[in-house]
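To start, the structure itself, in structure tokens.
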Number of protein chains: 2
Amino acid sequence: MKKNLWIAVLITFLIGTKSHAQEALFGAQQITSPEIHDDSSVTFRFFAPTAESVQVTGDFLPTVKVETPRGMMDAPGKADLVKDDKGVWSFTSSSLSPELYNYSFLVDGLRSIDPNNPFLIRDVASITNIFIVGDGQAALYRTNDVPHGTVSKRWYDSPGLGMDRRITIYTPPGYEKSNEKYPVLYLLHGAGGDEEAWISLGRTAQIMDNLIAEGKAKPMIVVMPNGNVIQDGAPGEGSEGFYKPQFMVPKTMDGTYEANFMDIIKFVEANYQVKADKANRAIAGLSMGGFHTLHISRHYQNTFDYMGLFSAAIMPREDATGKVYSNFDETLKTQMDNGYELYWIAIGNTDFLYAANKEFRDKLDAMGMPYEYVESEGGHIWRNWRVYLTQFVPQLFN
Amino acid sequence: MKKNLWIAVLITFLIGTKSHAQEALFGAQQITSPEIHDDSSVTFRFFAPTAESVQVTGDFLPTVKVETPRGMMDAPGKADLVKDDKGVWSFTSSSLSPELYNYSFLVDGLRSIDPNNPFLIRDVASITNIFIVGDGQAALYRTNDVPHGTVSKRWYDSPGLGMDRRITIYTPPGYEKSNEKYPVLYLLHGAGGDEEAWISLGRTAQIMDNLIAEGKAKPMIVVMPNGNVIQDGAPGEGSEGFYKPQFMVPKTMDGTYEANFMDIIKFVEANYQVKADKANRAIAGLSMGGFHTLHISRHYQNTFDYMGLFSAAIMPREDATGKVYSNFDETLKTQMDNGYELYWIAIGNTDFLYAANKEFRDKLDAMGMPYEYVESEGGHIWRNWRVYLTQFVPQLFN
């Protein structure tokens, strides 16, 4: 090829590809957003020369009270961006605590992602941008230069549900080359979640890699199943194709999932190098996943030595007919009598499930059933669930 | 728990969670978009009562010519949405051919994702929504009710590059329970891509599952490495954290990747049940990955029996010093003399690399080096690369 032709090809690479053509066409901006400063303040920028207002909203801002049918509730705050003479709007936050935060823009009232930040997470059907600030707790959420485990998206056979189902499995660094057997944490998502939730919103792989590298967690396998029994995989990943995810999915809290949970344990214990005994099984979940944890660990007696209820829903629906919900008090007492290493309950002090958890702890106190309890700030949010995971995992399998 | 309290909790689940509170706050709409009709036309909807114009753009629309420094080029077309009295804008396409398409909205000229469609893909730094229409070719891109392989994100040690690096590996259905050894396809991304590109934009797992289920492809392992030697992982997945991806990454076409490619093959052959011989190795790539395929297969003589150049860049930069680029004609002749099963070249008839590929085919013709050639419609786009993959894979390892 002649030099001129090659230079033409290179130039074309630079200007001619679809994504670049689109950037030119769409007026996307070569601006930096978010920009994280040395003092942990963050500048957000958005190019919109003809917009009348641009705001940013997200969990890095103080919450505000909003009126709901249930009374006043916390909602993410908003901040106004200011426009410069080039049409670039900007806002700089105060110094932020180390954390993974999410945000969106409101452009003339319409929600928009940040076109300069391709890092997004899906929470049910909502897409938001994310960024990480600082060290400390936030360093646990980064991909650091430490040995990394493997994240696999596999399909397991559930004879009970009559389908192959997608499942996310983290195996620790060195697993593939090792002859060791490992303990297993079963980690369950909440309502509206699926087998993608803990690995994306929960940063589970990064948290596990980092805690193991620091010697704070034992190497373990983390199994993240899909708790929606009508799905074979997450929206967009299963045979139902692309559809808008719903927060409430049918049959999620009627006992069907719990009744078929052994299909998952059998798959894991038949397919992975695991220590298949009670001392080496833990189960934890957030919200609906805490509810599943409570009932699965009580129903399959002597199966788990470690339970984690993160902002858990507690009682079954009154119309739930699943056998797993019967003999609640009796099976809880049997679970207590059989013994376990850890029954760990965590919830935020403004969580709407706070009262239900208080009532449950009162029941445990009355029974004399031992548990550990952590009460954090804040409500029913992923920030708390990531923190709870980093607090729960170091207590396992010691 | 009393029934009233439980009902209150349920109601709170329905209205009180962050994502729901956000939907209410942000004015998100319970409308359906995109809606795919029985005749394969598609309606796009966007709620924006105060906007002055809403357009949709994407690869489902006929391309338009735009002026660039290089002359007239193809760009995605646009269509105007029309507003109803509720502030919902809509547009219905003509009947579309079976395909996976992408789209974005332009709201008063500003690009926006569709808030009613959480299915997005990232191409370099651009985020677009996607949808799938119809059967035929499009059915290969869906998750169908067939046996599924496993997709793993692992980290391999590259002694040559001095780092652990992230890699995507597809293993076929039944791999984990099998004692068989499998052939391997090494599948390489283009400029601006990474180890996420083929599995997300390329729908590789769905294509492989479906072709294997139909008996059109041999069960095989597909290895999707990261071709940017300065990265240990994709933007957002590696130790550099979150940053805006660039189309041109330093050191991508200077010979460093090719010179260290054996680290990848050694890792795969030491860690997977593979047939480690020439007859059971294939290598293919798109654009820059086709360039890498050309040079790796020529440099590591007698290593691959199957080569796939999809819209390939051909010649090295004139300032590239990598040894891999030396003795081009001589090593190509040796590759020919050693023999291979398939040298497959595919390109679109409007691709900006068409002339370079023509020149390369002329060289092969002059040498008498056998190859197969497929010329498709269209340009340098993912739609073509997905199709090429579905055409290439059935020819492997027969």
Filter region A:38-62 down to the residues that are open to solvent by 40 Å² or more (accessible area, probe 1.4 Å), more than 27 Å from B:VAL107 (Cα to Cα) and either aromatic (Phe, Trp, Tyr) or in contact (Cβ under 8 Å) with a residue 40 or more places away in the chain (or both) and list them by number.
A:ASP39
For region B:343-360, what are the residues that are out of contact with any helix residue (DSSP H, G or I) (no Cβ under 7 Å at 6 or more places or on another chain) and touching a residue at least 40 places away in the same chain (Cβ under 8 Å)?
B:THR350, B:ASP351, B:ASN357, B:GLU359, B:PHE360
In region A:187-224, what residues are of a type in the set (Val, Ile, Thr) and not in a strand (DSSP E or B)?
A:ILE199, A:THR204, A:ILE207, A:ILE212
Do we have any residue at all in region A:158-174 that's part of a loop (DSSP other than H, G, I, E, B), facing another protein chain (nearest Cβ under 7 Å) and open to solvent by 10 Å² or more (accessible area, probe 1.4 Å)?
no
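Per-residue answers, yes or no, for (1) surrounded by 15 or more Cβ atoms within 10 Å (Cβ to Cβ); (2) more than 22 Å from A:ASN280 (Cβ to Cβ):
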{"residue": "A:TRP344", "(1), (2)": "yes, no"}
{"residue": "A:ASN349", "(1), (2)": "no, yes"}
{"residue": "A:LEU353", "(1), (2)": "yes, yes"}
{"residue": "A:PHE360", "(1), (2)": "yes, yes"}
{"residue": "A:GLU377", "(1), (2)": "no, yes"}
{"residue": "A:TYR388", "(1), (2)": "yes, no"}
{"residue": "A:ASN398", "(1), (2)": "no, no"}
Can you tell me which residue among B:GLY241, B:GLY236, B:GLY227 is small (Gly, Ala, Ser), open to solvent by less than 10 Å² (accessible area, probe 1.4 Å), in contact with a strand residue (DSSP E or B) (Cβ under 8 Å, 6 or more places away or on another chain) and part of a loop (DSSP other than H, G, I, E, B)?
B:GLY227
Those residues that are more than 16 Å from B:PHE261 (Cα to Cα) and under 24 Å from the mean Cα position of the chain (by Cα), I need them from region B:275-310; list them, please.
B:ASN280, B:LEU286, B:SER287, B:ASP305, B:TYR306, B:GLY308, B:LEU309, B:PHE310
Would a scan of region A:318-330 turn up a residue that is closer than 30 Å to A:PRO69 by Cβ, open to solvent by 30 Å² or more (accessible area, probe 1.4 Å) and touching a Phe, Trp or Tyr at 6+ places or on another chain (Cβ under 7 Å)?
yes
Matching entry among B:ASP108, B:ASP114, B:ASP123, B:ASP74 (being modelled with pLDDT of 95 or more and outside the structural domain of B:PHE247 (by TED's automatic domain parsing))
B:ASP114
I'd like to check something: does region B:272-289 contain any residue that is acidic (Asp, Glu), surrounded by fewer than 24 Cβ atoms within 10 Å (Cβ to Cβ) and without any contact (Cβ under 8 Å) to a residue 24 or more places away in the chain?
yes
Among the residues of region B:203-245, count how many are on the phi > 0 side of the Ramachandran plot and more than 8 Å from every other protein chain (Cβ to nearest Cβ).
2
Just to be sure, is B:GLN301 assigned by TED's automatic domain parsing to the domain that holds B:ASN384, within 23 Å of B:ASP329 (Cβ to Cβ) and open to solvent by 10 Å² or more (accessible area, probe 1.4 Å)?
yes
Tell me whether region B:184-192 contains one or more residues that are under 18 Å from the mean Cα position of the chain (by Cα), open to solvent by less than 20 Å² (accessible area, probe 1.4 Å) and at positive phi.
yes
What tally of residues in region A:309-335 results from selecting those that are over 17 Å from A:ILE345 (Cα atoms), more than 14 Å from chain B (Cβ to nearest Cβ) and in contact (Cβ under 8 Å) with a residue 40 or more places away in the chain?
4
Tell me the strands (runs of 3 or more DSSP E) entirely within region A:76-150 that contain at least 2 residues that are more than 9 Å from chain B (Cβ to nearest Cβ) and surrounded by fewer than 21 Cβ atoms within 10 Å (Cβ to Cβ).
A:78-80, A:88-92
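The values are calculated or read from the model by the stated rules, or taken from the named source; none is laboratory data. Quantities reported herein were computed from a predicted structural model and do not represent experimental measurements. A quick note on method: Cβ atoms are made from the backbone with ideal geometry, for glycine too, and the neighbour counts reach across all protein chains shown. Note: accessible area is taken over every heavy atom of the protein model, side chains too, but ligands, DNA and RNA are not part of it. Shrake-Rupley method; radii C 1.70, N 1.55, O 1.52, S 1.80 Å.
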